[in-house]
Amino acid sequence: MAEKLGVMLCGHGSRDKDAVREFAVLAEHLKKRLPQYPVEYGYLEFATPIIRTGLDSLKSQGVTRVLAVPGMLFAAGHAKNDIPSVLNTYAAANDLRIDYGKELGIDPKMMRAAGDRLQEALDKAGPDVPRHETLLVVVGRGASDPDANSNVAKVTRLLWEGFGFGWAETAYSGVTFPLVEPGLEHGARLGYRRIIVFPYFLFTGILVDRIHDATDAVAARYPEIEFIKAPYLNDHPQVIATFAERIEQILTGDIAMNCQMCKYRTQVLGFEADVGAVQESHHHHVEGIGTSENCEYCDGVCNQMCRTMPKRKKDAVLAVDTTKILSGQPHHHHHLGDHDHQHGHDHDHGHTHAPYPHADHPLGPKSMLKK
């Protein structure tokens, strides 16, 4: 029987309807770029369709071999553990060949997309401030994987040197350090007239809003500095081209992730305890639970309250659970610290989280909880 190829784009998912919509739009762009293949997409958590639904659709179309790629910038836990776990489980249960590609990563096309977004911000701001008097702050999502975090720092350096900015700093929206507000506070003290804040994110969502809120807070304390918010990557043509290349690389065999600094394979400084950790997904309990249609704040019509929700509920949950989550103890948890999903679920899932060695860093995760 002749082999029939299909493409599966695997996203993380979000409670934010705009983020889900933007991912779906990108998938439509990819369908147009790759008309030779049926293309489906799905999410690990919250949003629908889930990944299994997309795979079901491909199988129903007669696909015998799936080319699956993570819809993510860098390879941290979701790309290394969660998505492969879902794909492997489905492949074994359905006798379907699924080949997994690599993340977008550090790529000249991605740097071109990032450069275009920065240029948009510069053009909008105007030429009043020269580049050597401008500070660039690149904000990544942040992960418990130092290799993924280091890639954000590399993006920062490539953009800094490419544009010739006076200085550049890297910050993160969560999990690691420095978080956005302390990172911007540090940058504001360096004496530059303009600071450009660039969320190195694919799509919008609560984390991008958090970056903008932190920018506004620091800008209010330093009115003499011009703060510029650059747009995130979204469906830039070079992003779509990179996805298309990752899919074709599966067929050519050029799909190896950079495992040299993978904390699960080698003893990375400070993360030695993670070597040999079980690679499995723990997102099954939030698959397809919905976006704002199921949100307790908006009754089916998104009113953005989940982005700026009162801290009373979150603080109560985090005060109880954060110590256990960050220490790696078994726990009943609500996932409010990293994932920004407002749901409570007590479950015995039979796994523990590896402890993050810098959980008590004053510029890191716990500083998010101080307000």
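For this structure, a couple of remarks:
- Selection of region 108-117 for residues being among the aliphatic types (A, V, I, L, M) and surrounded by 17 or more Cβ atoms within 10 Å (Cβ to Cβ) yields M110, A113, A114.
- Residue within region 60-75 that is out of contact with any Asp or Glu (no Cβ under 6 Å at 6 or more places or on another chain), among the basic types (K, R) and either part of a helix (DSSP H, G or I) or under 23 Å from N88 (Cβ atoms) (or both) present: no
- In region 123-157, residue least open to solvent (accessible area, probe 1.4 Å) [restricted to those that are basic (K, R) and closer than 25 Å to G191 by Cα]: R131
- Annotation note: of E161, E120, the sole residue that is exposed (fewer than 14 other Cβ atoms within 10 Å of the Cβ) and touching a residue at least 60 places away in the same chain (Cβ under 8 Å) is E120.
- Selection within region 167-213: residues that are touching a residue at least 60 places away in the same chain (Cβ under 8 Å) and in a strand (DSSP E or B). The member of this set that is farthest from S150 (Cα to Cα) is R194.
- Test for Y222: is it at negative phi, crowded, with 19+ Cβ neighbours inside 10 Å and not aliphatic (A, V, I, L, M): no
- Extreme residue, surrounded by the most Cβ atoms within 10 Å (Cβ to Cβ), among residues of region 8-47 that are over 21 Å from the mean Cα position of the chain (by Cα) and either outside any loop (DSSP other than H, G, I, E, B) or of a type in the set (D, E, K, R) (or both): V39
- Those residues of region 225-234 which are closer than 13 Å to L184 by Cα and surrounded by fewer than 17 Cβ atoms within 10 Å (Cβ to Cβ), in sequence order: none
- Annotation: V175 fulfils all but one of (1) of a type in the set (V, I, T); (2) touching a Gly at 6+ places or on another chain (Cβ under 7 Å); (3) under 21 Å from I195 (Cα atoms); the unmet one is (3).
- Condition met for K59 (within 30 Å of V197 (Cα to Cα), open to solvent by 40 Å² or more (accessible area, probe 1.4 Å) and touching a residue at least 24 places away in the same chain (Cβ under 8 Å)): no
- Test for L5: is it crowded, with 23+ Cβ neighbours inside 10 Å and farther than 16 Å from T204 by Cα: no
- For region 112-126, the condition holds for no residue, the condition being that it is within 14 Å of M8 (Cβ to Cβ) and over 20 Å from the mean Cα position of the chain (by Cα).
The values are calculated or read from the model by the stated rules, or taken from the named source; none is laboratory data. Source: prediction; values computed, not measured. Virtual Cβ from ideal backbone geometry, glycine too; neighbours counted across all protein chains shown. Calculation scope for accessible area: heavy atoms of the full protein, side chains included, ligands and nucleic acids excluded. Shrake-Rupley method; radii C 1.70, N 1.55, O 1.52, S 1.80 Å.
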